[in-house]
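Notes to accompany the following structure.
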Amino acid sequence: MKIRRLVKKLATAGLTLAIDSGIQFFDTADAYGWGRAEEILGKAIKHYPKDKLRICTKFGNRQDHQGCSYQDFSSPWLEQSVTNSLKRLKVDCIDILLFHSPPDDFDWNGYDVSILTGLIQKGYIKQYGVSSKTVKGALKVVEYSFGNVIEAIFNILDRRAEEFLFNHLNPAYQFIARVPLASGFLSHKYLHQQPNFADNDWRRYLPARDQQWLLNSSRKLDFLDKLPGGITVSALRYVLHHPQVEVVIPGMRNPSQVTTNLQAVELGALDPIIIEKIQDSVPDVPVHWQF
């Protein structure tokens, strides 16, 4: 319990620093801590003007009575999820509601959007879209023109969105870049040591070949560690200042991470020569990731 209170205290301090420093966009989900993340965010923003902030949350992942996870994107659960999230976030309206990692073959063409348009008309949400597990899945969302917000993986190691997605986005779509630090592998410490992930860290269970590719590829970019803020800030700068990216959602569990994120904003875009060197050093993802 003491550890949980400390985590909550650091998260709240980070959120307060972020808002006071001008960060306006906050991404969460009902499945993060099964509601706890939304509650922490709701308490942190309670005394701030809501019209100055943009809150994005997600729905679709549930737990049964045995604690096993499953997905539910049905209309009844959608409506219930929005009601629950509004309560936890302590807001009257959610700026962006995203489907949370649906299957790549989800039937977007057959999905009844009347419940979503109804929620917009009632003032409970402003926009909706999809947080996609893969770029391939995001392409299908765009193909069927579902919603107007796409959240997908984009970072200096996995730049498939540049090649396959961005040229298919019409101006109505907003792109949110997720996993901008390649699940934390774009870190100074992993340039020099092997990771030792805890048992409850999902990265521990990544296939060995994926872990090794992420490590080897990050180390090919060690020249970024010589720039201000090191490889982490440089990686954020690449994504944050990309012309097709509207919002980037790096982690911010404590004030230190917020400070790193802010440094990427302050330093601006990377030099084009550095961008070209990144692209030459890591030209593509592994063959088994390609589609």
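Of all residues in region 148-203, those that are charged (D, E, K, R), open to solvent by less than 50 Å² (accessible area, probe 1.4 Å) and either in a loop (DSSP other than H, G, I, E, B) or modelled with pLDDT under 95 (or both) total 4. The residues listed here are Leu215, Leu224, Leu236; of these, the one that is farther than 29 Å from Gln24 by Cβ, open to solvent by less than 30 Å² (accessible area, probe 1.4 Å) and part of a helix (DSSP H, G or I) is Leu215. Among residues of region 121-147 being in contact with a strand residue (DSSP E or B) (Cβ under 6 Å, 6 or more places away or on another chain) and in a helix (DSSP H, G or I), the one that is farthest from Ser81 (Cα to Cα) is Val135. Assigned to a helix (DSSP H, G or I), in contact with a strand residue (DSSP E or B) (Cβ under 6 Å, 6 or more places away or on another chain) and crowded, with 17+ Cβ neighbours inside 10 Å - does that describe any residue in region 246-253? Looking for residues that are assigned to a helix (DSSP H, G or I), in contact with a strand residue (DSSP E or B) (Cβ under 6 Å, 6 or more places away or on another chain) and crowded, with 17+ Cβ neighbours inside 10 Å, one finds none in region 246-253, hence no. Within region 269-291, the set of residues being out of contact with any helix residue (DSSP H, G or I) (no Cβ under 7 Å at 6 or more places or on another chain) and in a loop (DSSP other than H, G, I, E, B) comprises Asp271, Pro283, Asp284, Gln290.
Out of the residues in region 110-120 that are within 25 Å of the chain's Cα centre (by Cα) and not in a helix (DSSP H, G or I), state the one that is surrounded by the most Cβ atoms within 10 Å (Cβ to Cβ). Restricting to residues being within 25 Å of the chain's Cα centre (by Cα) and not in a helix (DSSP H, G or I), the top hit is Tyr111. In the set (1) open to solvent by less than 30 Å² (accessible area, probe 1.4 Å); (2) within 24 Å of Val179 (Cα to Cα); (3) among the β-branched types (Val, Ile, Thr), the condition left unmet by Ile125 is number (2). Only residues that are under 27 Å from Ala208 (Cβ atoms) and open to solvent by 70 Å² or more (accessible area, probe 1.4 Å) were counted in region 259-283, giving 2.
The set of residues in region 121-149 that are of a type in the set (Val, Ile, Thr), closer than 11 Å to Leu97 by Cα and without any contact (Cβ under 8 Å) to a residue 40 or more places away in the chain contains only Val130.
The values are calculated or read from the model by the stated rules, or taken from the named source; none is laboratory data. Quick caveat: nothing in here was measured; it's all calculated off a predicted structure. Every residue, glycine as well, gets a Cβ built from its backbone with ideal geometry; the counts of neighbours run over all protein chains shown. Accessible surface areas use protein heavy atoms only, side chains included; no ligands, DNA or RNA. Shrake-Rupley method; radii C 1.70, N 1.55, O 1.52, S 1.80 Å.
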